Each structure stands twice: as C-alpha cells, then as structure tokens.
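S.K.: Supplied in structure tokens, the structure appears directly below.
The values are calculated or read from the model by the stated rules, or taken from the named source; none is laboratory data. Quick caveat: nothing in here was measured; it's all calculated off a predicted structure. All Cβ positions, even for glycine, are placed from backbone atoms using ideal geometry, and neighbour counts span all protein chains on display. Heavy atoms of the whole protein, side chains included, go into the accessibility calculation; ligands, DNA and RNA do not. Shrake-Rupley method; radii C 1.70, N 1.55, O 1.52, S 1.80 Å.
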Amino acid sequence: MLDLTGKNALVTGIANNRSIAWGIAQQLHKAGANIGVTYLPDDKGRFEKKVGELVDPLNPSIFVPCDVQNEAQITSAFEAIAQKWGRLDILIHCLAFADKEGLTGDFSAIPKAAFTQALEISTYSLVSLTRAAKPLMSQGGSILTLTYLGGVKVIPNYNLMGIAKAGLEMSVRYLASELGPLNIRVNAISAGPIRTLASSAVGGILDMIHHVEKVAPLRRTVTQVEVGNTAAFLCSDLASGITGQIIYVDAGYEIMGM
Ligand code: 0WD
C-alpha cells in the first residue's frame with residue numbers, strides 16, 4: 001500500500017497551518033517519509049520561529065532557510081540534504097508569489113517588474129530547485145508542484161499568476177521528458193481554491209470558493225489534507241507510471257463548462 005518509509009522528502013512553501021504545503025508535509029510524514037522543510041527567511045526571523053514550531057511534531061531532520069530568489073540559499077539548502085541524507089527521493093515545490101499590481105486591474109497594465117518577479121518566484125524556481133535536486137535523486141525520485149485552473153482558463157483577479165502557472169505546467173512536461181530516463185517523475189496537482197495566506201491576495205477568493213461549492217460535482221471545495229493525500233500517492237511507488245501530468249484535486253470543478 002502507500003508506504004513512504006525510508007523516503008527523504010523536502011517540502012518547500014510552508015508559511016502557516018493553512019498552507020497547502022503543510023497539508024502535504026503532514027500526509028507524507030503519516031506515510032512514513034523523513035521530512036525536510038525549507039522556510040522563507042525574514043529579517044525578524046518570524047517565519048523561522050513560526051514554521052519551526054508548526055513542523056516540530058513532524059520531527060524534521062532538515063530545517064533550512066530557502067528564498068528561491070537567492071541561488072546561494074538554494075545551494076546551501078541542498079548541501080544540507082547531501083550531508084544529512086546523502087540522497088533525496090521527493091521534492092515538493094509548493095510556493096508562489098505575485099505582486100498585487102499583477103493580480104488586479106487590466107492585464108495589459110501589468111508592470112514588467114511584477115511580471116518578471118512572479119515568473120522568477122512562481123515558475124523558474126521549479127527549474128532551479130529541480131536542478132539542485134537532480135544529482136541527489138540517485139535512486140530516481142518524484143518532484144511535485146502546485147498549480148491552479150487559472151493557468152489554463154481565464155479566472156478574474158488571477159491575471160499574472162495565470163501566466164506563471166501556465167509556464168509552470170509546461171515546465172512540468174519538459175522536466176518530465178528530461179528526467180524520465182533517470183526514473184525521476186515530475187507532476188503537478190491543480191488544486192481547487194483554498195483559503196490560505198497566498199490565496200487571500202487573490203481578490204474574490206471567497207466568491208470563488210462559494211461558486212465552486214455550488215457548481216463542482218462534489219458540491220464543495222477541497223482541503224489541504226486532500227491535496228496532501230494525492231501528493232503522497234503521486235510521490236509513492238503506487239504512481240510509478242505517472243509523470244508529466246497535471247492532476248486536478250478540485251472536487252471535479254474542472255470538468256464543468258459553467
Ligand atoms: O487556493 C489556493 N490556495 C491554491 C493555491 C489553489 C491552487 C494552487 N495553489 C498553489 C499556490 O499558487 C502555490 O503555488 O499552492 C501553492 C501554495 O500556496 P498556498 O498554500 O495557497 O499559500 P501559502 O500558504 O501562502 O504559501 C505560499 C508560500 C509563501 O507564503 P506567503 O507568506 O508569501 O504567502 O510560498 C512561499 C511563502 O512561504 N514563498 C516563498 N518561498 C521561498 N522563496 C517565496 C520565495 N521567494 N515567496 C513565497
């Protein structure tokens with residue numbers, strides 16, 4: 001059955017107990033994986049303390065800062081993995097950022113700086129983290145990222161993040177093609193709308209959730225733990241034949257025409 005015993009899993013993107021990455025970390029841990037966690041460092045050390053306290057029950061054997069805009073921090077995070085574990089089996093890329101200017105107003109008015117920043121943090125970071133993980137996935141591995149329907153269909157107030165997700169989804173396919181011969185699988189979960197720190201930046205998130213609750217076949221939205229369960233499956237040997245895929249965990253909303 002779903003058993004991740006002995007698997008070394010690095011989880012990025014935990015900001016607080018609402019984070020989707022927290023739902024994923026809990027389910028990977030429940031399935032037996034050794035957990036490593038990165039956090040977004042801030043001057044006052046707030047995130048280090050908050051995330052550190054949150055993940056403590058998972059007994060993480062690696063807990064390191066990693067701002068994906070900082071190549072040196074990515075390098076030292078993976079050096080810590082090489083020293084501590086010597087091998088990585090699972091990489092969870094569960095982070096994104098877009099400035100409010102890129103989410104609201106006319107799409108044609110998106111400032112270049114906001115565009116570049118969002119693509120760097122939300123899309124290119126999958127490439128840079130995968131590059132760092134590749135040599136440590138000596139026995140193959142599973143790389144998983146999080147995307148949203150706004151990367152395929154126009155969703156009001158998603159704008160720039162839609163571009164970032166479209167690029168992320170295509171990056172999943174190109175990385176899967178490159179890494180398949182090394183038995184490294186790359187997939188994405190397209191999650192339904194969930195109230196989190198990041199999604200609260202997307203105007204109308206509550207309306208989106210209420211709309212999904214009315215229209216989605218399951219007549220509800222999904223939880224962080226449900227996304228975590230699918231993540232555990234995709235990172236396990238049960239999914240050994242799945243790569244380059246975008247798996248919808250959205251209560252079925254994606255199939256609906258209106
Ligand atoms: O409805 C939702 N919440 C959905 C989220 C639906 C479908 C997909 N997603 C995706 C998001 O786009 C993202 O890729 O899931 C992923 C996780 O998002 P989340 O759980 O909704 O949001 P959150 O808990 O805020 O985690 C995002 C975290 C950041 O938290 P902040 O404080 O910025 O909101 O990404 C991290 C940070 O901890 N992050 C960074 N980590 C490293 N380097 C960086 C960075 N530069 N920027 C943000």
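S.K.: Can you confirm whether VAL172 is within 23 Å of VAL225 (Cα to Cα), modelled with pLDDT of 95 or more and either within 12 Å of the ligand (Cβ to nearest atom) or in a helix (DSSP H, G or I) (or both)?
M.R.: Answer is yes for this residue.
S.K.: What tally of residues in segment 68-112 results from selecting those that are part of a loop (DSSP other than H, G, I, E, B), more than 22 Å from GLY32 (Cβ to Cβ) and either touching a Pro at 6+ places or on another chain (Cβ under 6 Å) or away from the ligand (no atom under 16 Å from the Cβ) (or both)?
M.R.: Here the count works out to 5.
S.K.: Further question: Since TRP85 meets every condition but one in (1) open to solvent by 40 Å² or more (accessible area, probe 1.4 Å); (2) under 30 Å from ASN159 (Cα atoms), which condition does it not meet?
M.R.: (2)
S.K.: Still on this model: Within segment 70-99, which residues are among the small types (Gly, Ala, Ser) and on the phi < 0 side of the Ramachandran plot?
M.R.: Result: ALA72, SER76, ALA77, ALA80, ALA82, ALA96, ALA98.
S.K.: Of all residues in segment 130-151, how many are in contact (Cβ under 8 Å) with a residue 60 or more places away in the chain and more than 29 Å from ALA80 (Cβ to Cβ)?
M.R.: 1
S.K.: Right, here's the next one. May I ask you to verify whether ALA166 is more than 12 Å from the ligand (Cβ to nearest atom), open to solvent by less than 70 Å² (accessible area, probe 1.4 Å) and closer than 20 Å to ALA96 by Cα?
M.R.: Considered against the rule, which asks whether it is more than 12 Å from the ligand (Cβ to nearest atom), open to solvent by less than 70 Å² (accessible area, probe 1.4 Å) and closer than 20 Å to ALA96 by Cα, ALA166 comes out as yes.
S.K.: Next question, about the same structure. Counting only residues that are part of a strand (DSSP E or B) and open to solvent by less than 10 Å² (accessible area, probe 1.4 Å), which one in segment 113-144 is nearest to GLY241 (Cα to Cα)?
M.R.: SER142
S.K.: Looking for whichever is within 11 Å of the ligand (Cβ to nearest atom), in a loop (DSSP other than H, G, I, E, B), more than 16 Å from LEU126 (Cα to Cα) and touching a helix residue (DSSP H, G or I) at 6+ places or on another chain (Cβ under 8 Å) here; the options are PRO193, PRO217. Which one fits?
M.R.: Sole residue among the options that is within 11 Å of the ligand (Cβ to nearest atom), in a loop (DSSP other than H, G, I, E, B), more than 16 Å from LEU126 (Cα to Cα) and touching a helix residue (DSSP H, G or I) at 6+ places or on another chain (Cβ under 8 Å): PRO193.
S.K.: Would you check if VAL225 is touching a Gly at 6+ places or on another chain (Cβ under 9 Å), of a type in the set (A, V, I, L, M) and buried (at least 17 other Cβ atoms within 10 Å of the Cβ)?
M.R.: The answer is no for VAL225.
S.K.: Follow-up. In the list LYS44, LYS50, which residue meets the criterion of being open to solvent by 20 Å² or more (accessible area, probe 1.4 Å) and modelled with pLDDT of 95 or more?
M.R.: Within the list LYS44, LYS50, the selection yields LYS50.
S.K.: With (1) more than 21 Å from LYS30 (Cβ to Cβ); (2) away from the ligand (no atom under 13 Å from the Cβ); (3) open to solvent by 20 Å² or more (accessible area, probe 1.4 Å); (4) touching a residue at least 40 places away in the same chain (Cβ under 8 Å) as the list, and HIS210 as the residue in question, which single condition is left unmet?
M.R.: Going through the list (1) more than 21 Å from LYS30 (Cβ to Cβ); (2) away from the ligand (no atom under 13 Å from the Cβ); (3) open to solvent by 20 Å² or more (accessible area, probe 1.4 Å); (4) touching a residue at least 40 places away in the same chain (Cβ under 8 Å), HIS210 breaks only (4).
S.K.: Just one of the numbered conditions (1) within 13 Å of the ligand (Cβ to nearest atom); (2) over 18 Å from the mean Cα position of the chain (by Cα) is not true of PRO57; which one?
M.R.: Tallying (1) within 13 Å of the ligand (Cβ to nearest atom); (2) over 18 Å from the mean Cα position of the chain (by Cα), PRO57 fails exactly one: (1).
S.K.: Turning to a different aspect of this structure: Of the residues LYS100, LYS153, which is open to solvent by 30 Å² or more (accessible area, probe 1.4 Å), among the charged types (D, E, K, R) and more than 23 Å from ILE247 (Cα to Cα)?
M.R.: Just a single option satisfies the conditions, and that option is LYS100.
S.K.: Could you look through segment 240-258, keep only residues that are out of contact with any strand residue (DSSP E or B) (no Cβ under 7 Å at 6 or more places or on another chain), among the small types (Gly, Ala, Ser) and in contact (Cβ under 8 Å) with a residue 12 or more places away in the chain, and pick out the one that is most open to solvent (accessible area, probe 1.4 Å)?
M.R.: Of all residues in segment 240-258, those out of contact with any strand residue (DSSP E or B) (no Cβ under 7 Å at 6 or more places or on another chain) come to 240-241, 251-253, 255-258.
Next cut, among the small types (Gly, Ala, Ser) only: 240-241, 251-252, 257.
So of that shortlist, the ones also in contact (Cβ under 8 Å) with a residue 12 or more places away in the chain come out as 240, 251-252.
Working: SER240: 82, ALA251: 9, GLY252: 24 Å².
Only one residue tops the list, namely SER240.
S.K.: Out of all the residues in segment 1-34, which are surrounded by fewer than 22 Cβ atoms within 10 Å (Cβ to Cβ), closer than 16 Å to PRO60 by Cβ and aliphatic (A, V, I, L, M)?
M.R.: The answer is ALA15, ALA31.
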